[in-house]
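> Below is one structure. I have some questions about it.
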Amino acid sequence: MASPETIAKADRFSGGAAWQETRGSGEPALVVRELRKVYDGGTEALKGVSFDMPAGDFLALLGPNGAGKTTVIGILTGLVHKTSGTVAVFGEDIDRNHQAARRHIGVVPQELNFNIFERVIDIVVNQAGYYGIPRSTALPRAERLLEQLSLHDKRNERSRNLSGGMKRRLMIARALIHQPRLLILDEPTAGVDVELRRGMWDFLRQLTAGGTTILMTTHYLEEAEQLARHVAIINRGTIIADGTVKGILSRLHSEVVTVELVEEKAEAAAAVVHAFRPKLVEPGVLDIEIDSKATVGTAVAALEAAGIGVKMVRSKSGRLEEVFMRLTSGGAA
Amino acid sequence: MTPFEAWISFYTIVRKDVVRIVRIWPQTFLPAVVTSVLYFLIFGTVLGSRIGEFQGVAFLSFVVPGLVMMAVVTNAFSNVAFVMFSSKFFARNIDEILVSPTPPFVIVAGFVAGGVTRGVLVGLLVFLTSIPFAGLSIHSLPVVLLFLVLTSLALSLGGLINGIHAQSIDGINIIPTFVLTPLVYLGGVFYSIEILPGFWQGVTHANPIFFVVDGFRYGFLGISDTPILVSTGVLLAGCALLSLIAWYEIRSGLRLKQ
Ligand SMILES: Nc1ncnc2c1ncn2[C@@H]1O[C@H](COP(=O)(O)OP(=O)(O)OP(=O)(O)O)[C@@H](O)[C@H]1O
Ligand SMILES: [Mg+2]
């Protein structure tokens, strides 16, 4: 197949987000309060979920399978009835001003939900129609979006002829056709290869740079660390951590690092840095804990001063990964 | 939404359906025409002369309005039932509309307009097909058109409600087969109810399709079993009631939202 599975380069995107005037004003883009959802079968999917997003934010909603991510998104987009709680999108309450609220939102769902017999361009242009945008306006806009998402040469194909990655990008184009201020993506990169995933990341970065507020769910911690400004971790229907990526990491009161010595002097070294709760790993390797007040530098300096050479200091584990495991341990549904 | 935006959304829903209806014409238009030709051959050429006249009209001419209505009823109903059901069940592309600001009455109107288009076009085709067999006679064009449109409307609304409730593909086949077809056959398509015993005449008046066929026949032949104002009233009331139910169900997200 000729067309590369990569998404628009930055230069092709220029001007694409010109519609975004309001940004970074501190205006709340999304205010979610005490969302509860009990499904008909009795499953309590959400048990009082609250979080905020300022305009221009990029929030990653992380959580294991069945945590309630898709349920939250369903409520935001009007596809799931909430049991209780409130949601406001750019100040518009989803109950009282649902039309205004919906105009602000574009959504890329977890599951494919377009008609596979329709042509790519029609899917995008018809979506504009449902927002009251005439074809004459929607058509050039759709062409531009498809171009940005490297789908332009496929625009007249029936959508079933697209590859899996192309179908995801088609749903992104469809979600953006009415120029929403808040883009919601439910696991957009699930089952997408590494190259395409990086292409999608670039595209999302361009969008946020243009002022679009983005809420994305993901299972990939790397993705959250790469893209998001804020992270909320949800488990079993409850937000168990919420803040900046840095802030979440600081919830790890200490981090374990592995210190590799030049010589096999781990026991002597342990005596020097006993304040760092050392653990011997190998004759020349030990783990030490760096708590919020200490620094690695102090430990290394102390060792060097005692004549013990330090060859290498390595982080013991994926950082966010570790927070995630600690917070959700035993939590997977 | 402004009225203009609502119109664009309505137009988008209808356009999509009409393009589909025309694209798959061998499935949407052809069957009704083929079936009607068979009916016209059998009732006109083969049986007609033996059956004689009904209310002073050749049997075939008596049957044509009923056969046109039969095609209108099944096509309008199944069109909307299928479109609603498949868009919520197979691809879930109904979500495309449900996440948009399109108000519920526009969604109802859009889905139903597709069914009305199909019902009216199929009705016209079957009528045109009948002309070589039964000749052309129209007593009142306005009544014919009124009944053509209102019947398509009522059955499209019924199909929409069926499509909303159906939980499987059987769900949209059961009603046409076990409810609609019997009502059509027993609704006086092939006979005047004056030939029925009094009790069964009464029962027939509980069949809404009877009023549809009877009023439509009046438009063609100027004869009817029941006053035209009554059948018009029944049809209008049916449309109003079904519109309300359809609107309420779309608005509440019944079977469409969790
Ligand atoms: N339509 C439904 N009816 C009943 N229960 C449901 C429905 N949809 C989801 N649930 C339940 O609600 C809970 C949350 O599901 P949800 O789909 O929101 O999780 P998720 O975080 O999106 O998971 P995943 O990462 O697997 O997509 C689960 O226990 C799920 O079984
Ligand atoms: Mg999900």
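> Name the residues in the stretch B:212-254 that are surrounded by fewer than 16 Cβ atoms within 10 Å (Cβ to Cβ) and within 14 Å of chain A (Cβ to nearest Cβ), would you?
B:251, B:252, B:254
> Restricting the first residue to the stretch A:52-72 and requiring it to be away from chain B (no Cβ under 14 Å) and among the hydroxyl-bearing types (Ser, Thr, Tyr), which pairs with a second residue that is in a loop (DSSP other than H, G, I, E, B) and away from ligand 1 (no atom under 16 Å from the Cβ) meet a Cβ separation below 9 Å and a spacing of at least six or different chains?
none
> I want to confirm something. Restricting to the stretch A:176-191 and keeping residues that are within 16 Å of ligand 2 (Cβ to nearest atom) and open to solvent by less than 10 Å² (accessible area, probe 1.4 Å), which single residue is farthest from residue A:203 (Cα to Cα)?
Per the criteria, the residue is A:186.
> Would you confirm whether any residue within the stretch A:172-185 is in a strand (DSSP E or B) and farther than 19 Å from residue A:216 by Cα?
No - not one qualifying residue is present in the stretch A:172-185.
> Suppose the filter is at positive phi and within 16 Å of ligand 2 (Cβ to nearest atom); does residue A:78 pass it?
Here the answer is no, as residue A:78 does not meet what is asked.
> Output the helices (runs of 4 or more DSSP H) that fall wholly within the stretch B:49-166 and possess 1 or more residues being open to solvent by less than 20 Å² (accessible area, probe 1.4 Å) and within 14 Å of chain A (Cβ to nearest Cβ), or say none.
So the answer is B:59-89, B:94-98, B:104-134.
> Show the residue pairs that are 6+ apart or on different chains and have beta-carbon atoms under 8 Å apart, the first residue being within the stretch A:174-189 and closer than 11 Å to residue A:145 by Cβ, the second being open to solvent by 10 Å² or more (accessible area, probe 1.4 Å) and within 16 Å of ligand 1 (Cβ to nearest atom).
What qualifies is A:175/A:107.
> I'd like the full set of residues that are closer than 22 Å to residue B:234 by Cα, outside any helix (DSSP H, G or I) and over 14 Å from the mean Cα position of the chain (by Cα), limited to the stretch B:167-188.
Once the filter is applied, which keeps residues that are closer than 22 Å to residue B:234 by Cα, outside any helix (DSSP H, G or I) and over 14 Å from the mean Cα position of the chain (by Cα), the stretch B:167-188 yields B:186, B:188.
> Determine if the stretch A:90-104 includes at least one residue that is of a type in the set (Val, Ile, Thr), more than 7 Å from chain B (Cβ to nearest Cβ) and either within 25 Å of residue B:4 (Cβ to Cβ) or open to solvent by 10 Å² or more (accessible area, probe 1.4 Å) (or both).
Yes: one or more hits.
> Could I ask something else about it? Report the residue count in the stretch A:46-67 for those that are open to solvent by less than 10 Å² (accessible area, probe 1.4 Å) and within 11 Å of ligand 1 (Cβ to nearest atom).
Number of matching residues: 6.
> Further, regarding this structure: Since residue A:58 meets every condition but one in (1) under 15 Å from the mean Cα position of the chain (by Cα); (2) within 16 Å of ligand 2 (Cβ to nearest atom), which condition does it not meet?
(2) is the only condition that residue A:58 fails.
> Given the criterion within 16 Å of ligand 2 (Cβ to nearest atom), surrounded by fewer than 24 Cβ atoms within 10 Å (Cβ to Cβ) and under 26 Å from residue B:24 (Cβ atoms), identify the matching residue among A:112, A:162, A:139.
Just one listed residue meets the conditions, A:112.
> Can you pull out every residue in the stretch A:219-237 that is within 16 Å of ligand 2 (Cβ to nearest atom) and assigned to a strand (DSSP E or B)?
A:232, A:233, A:234, A:235
> Could you please find all residues in the stretch A:115-131 being more than 7 Å from chain B (Cβ to nearest Cβ) and open to solvent by 30 Å² or more (accessible area, probe 1.4 Å)?
Within the stretch A:115-131, A:117, A:119, A:122 meet the criteria.
The values are calculated or read from the model by the stated rules, or taken from the named source; none is laboratory data. As the structure is a prediction and not an experimental result, all values here were calculated from the model. As a convention, Cβ positions derive from the backbone with ideal geometry for all residues, glycine included, and neighbour counts pool all protein chains shown. Each accessible area value is taken on the protein alone, full model and side chains, heavy atoms only, with ligands, DNA and RNA left out. Shrake-Rupley method; radii C 1.70, N 1.55, O 1.52, S 1.80 Å.
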